[in-house]
Structure formats: C-alpha cells, structure tokens
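Each remark here refers to the structure printed beneath this line.
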Amino acid sequence: GAGVSQSPSNKVTEKGKDVELRCDPISGHTALYWYRQSLGQGLEFLIYFQGNSAPDKSGLPSDRFSAERTGGSVSTLTIQRTQQEDSAVYLCASSPWTAGGYQETQYFGPGTRLLVL
Amino acid sequence: AQTVTQSQPEMSVQEAETVTLSCTYDTSENNYYLFWYKQPPSRQMILVIRQEAYKQQNATENRFSVNFQKAAKSFSLKISDSQLGDTAMYFCAFMKLQDDKIIFGKGTRLHILP
C-alpha cells in the first residue's frame, strides 16, 4: 500500500505482559515517529527516528518503553510489563526529508488501540 | 517551549453551514509550519491543510481555508459548506523549521448535524 501501516489494529493484553507494536512507514520516508493518544486527549510524542542517526527518545514516559527501527524502515515499539495506564492508541507517522534538509509533513498510520486489563 | 491551544473542546453545526475552529500557539521562532489534522472515528489522522509561516497568503484546500495571523499567533480553520463526513476530531499542530517534533493541540471535536 501507499500509506503508513500499523499492526495489530487492536491489542488486548493483561497487566504485566509485554507487547510489541509494528509500524511500516511509507517507502522512502527517512523519518519515523511514534505518538500516544490517550482517550479524549491530544497526541503525545514518544520517539523519533531519522535515518541512521540516534533516535530522539525524549518523549518515552518510562524505561518500560523502547523502540527500534531495523534497516531504516520497519519500526517496533515495545512496552514491557504493561500497566493499565498504558491503554491508549499508539500512532506511527513517517515523513520524507527534503533535499533542503527540512522535515516534511508527517503522514500517519491508522494506529494500534492497546487495552491493558 | 512551543505550545498549541485549541480553546473549543467541542462544536456542533448544521450541515452546509460554515464553521471556524480556533487555534493559538506560542513560539519565539520566526520560521515554522502550522497544520490542521483531521481524525475521524476511523482513527486515521489525515492532513487537512498546511501553512508555512513565511507565506503571507492563507492556505486553502477546497472547502478548507485558514486565517493565519502571525503577529497574533493565531491559526484558525474555516470549513465551508460543511458535510456530514467532516465530523471528526480536529487537531491544530505546530512544527519549527528543521525540527523533529510536531506539537499538537488537544483537539476540537466537531459534529456536523443533518
């Protein structure tokens, strides 16, 4: 497909379990972002990858959250020992990097709705 | 730090009416981008319109237009001839030029009534 894809679309897990969320960015997009959207709230930045640079992890809420991006394409967000407050929609976005070195508009995936029981 | 404020948590208008969603932001930067994103019940975030701060002309995209007031740091979205499919959450967002993060407002939930 031409857009950003995420899987699974929905995930229900028990408190204390680990979960992995996957994001496939648009082909050729060098930047990839993860956001969290809690019920009725705006988007909270989690982590950002740009090419081969070290990721910006400044938005990760705790050390239970981690993310990696393999081969500059697919990314996985991992939440260890999930808590009920982790329940949210996790959105991934990607964007191209222009020849002028500017970040372009971000294109979002459909999100993964995580429910921690 | 940059902030984005959407003062209208929820709005309702009749189909075919015009509606304006408010957004203000705070920044000391001179060059930046502003966005309006739409999030329908399907959850997919869709870019509605984008404005470069260095452009004085207000961006338009079919029935969607903005009123960009740089000095006032205001960036409102006008939806003309509103349609039922416009029902969604609308997020105003800010990004510094050459920066990595988009700062989002908390959103305005818009209901278009038949």
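Considering region A:6-23, and only residues there that are surrounded by fewer than 18 Cβ atoms within 10 Å (Cβ to Cβ) and farther than 22 Å from B:Q39 by Cα, the residue that is nearest to the other protein chains (Cβ to nearest Cβ) turns out to be A:V12.
With the condition kept exactly as written, say whether any residue in region A:10-26 is over 21 Å from B:I102 (Cβ atoms), polar (S, T, N, Q) and under 10 Å from the mean Cα position of the chain (by Cα). Scanning region A:10-26 turns up no residue that is over 21 Å from B:I102 (Cβ atoms), polar (S, T, N, Q) and under 10 Å from the mean Cα position of the chain (by Cα). Any idea how many residues of region B:30-52 are out of contact with any Leu (no Cβ under 7 Å at 6 or more places or on another chain), within 10 Å of chain A (Cβ to nearest Cβ) and surrounded by 21 or more Cβ atoms within 10 Å (Cβ to Cβ)? Here the count works out to 1.
Just one of the numbered conditions (1) in contact (Cβ under 8 Å) with a residue 40 or more places away in the chain; (2) assigned to a loop (DSSP other than H, G, I, E, B); (3) within 30 Å of A:S7 (Cβ to Cβ) is not true of B:Y37: (2).
For region B:90-114, the set of residues classified as more than 22 Å from B:A53 (Cβ to Cβ) and in contact with a Phe, Trp or Tyr (Cβ under 9 Å, 6 or more places away or on another chain) consists of B:R109, B:L110, listed by residue number. Filtering region B:7-27 for residues that are of a type in the set (D, E) and assigned to a strand (DSSP E or B) leaves a non-empty set. The set of residues in region B:77-95 being in a strand (DSSP E or B) and surrounded by fewer than 19 Cβ atoms within 10 Å (Cβ to Cβ) consists of B:K78 alone. Can we say A:I26 is of a type in the set (A, V, I, L, M, F, W, C), touching a strand residue (DSSP E or B) at 6+ places or on another chain (Cβ under 9 Å) and within 14 Å of chain B (Cβ to nearest Cβ)? Spelling it out, A:I26 is indeed of a type in the set (A, V, I, L, M, F, W, C), touching a strand residue (DSSP E or B) at 6+ places or on another chain (Cβ under 9 Å) and within 14 Å of chain B (Cβ to nearest Cβ). All conditions in (1) farther than 30 Å from A:C23 by Cα; (2) in a strand (DSSP E or B); (3) without any contact (Cβ under 8 Å) to a residue 24 or more places away in the chain hold for B:Q57, with the sole exception of (2).
The listed residues are A:D56, A:D24, A:D63, and the only one of them that is acidic (D, E) and over 21 Å from A:T105 (Cβ atoms) turns out to be A:D63.
Restricting attention to region B:68-114, the residues that are at the interface with chain A (Cβ under 10 Å from one of its Cβ atoms), at negative phi and not charged (D, E, K, R) total 10. Taken over region B:96-114, the criterion of being in a strand (DSSP E or B) and of a type in the set (S, T, N, Q) is satisfied by B:T108 alone.
Every read-out reported here was derived from the displayed coordinates using simple, explicitly stated rules and does not represent laboratory data. Computed from a prediction, not measured in an experiment: that's the story for all the values here. All Cβ positions, glycine included, derive from the backbone under ideal geometry; neighbour counts span all protein chains shown.
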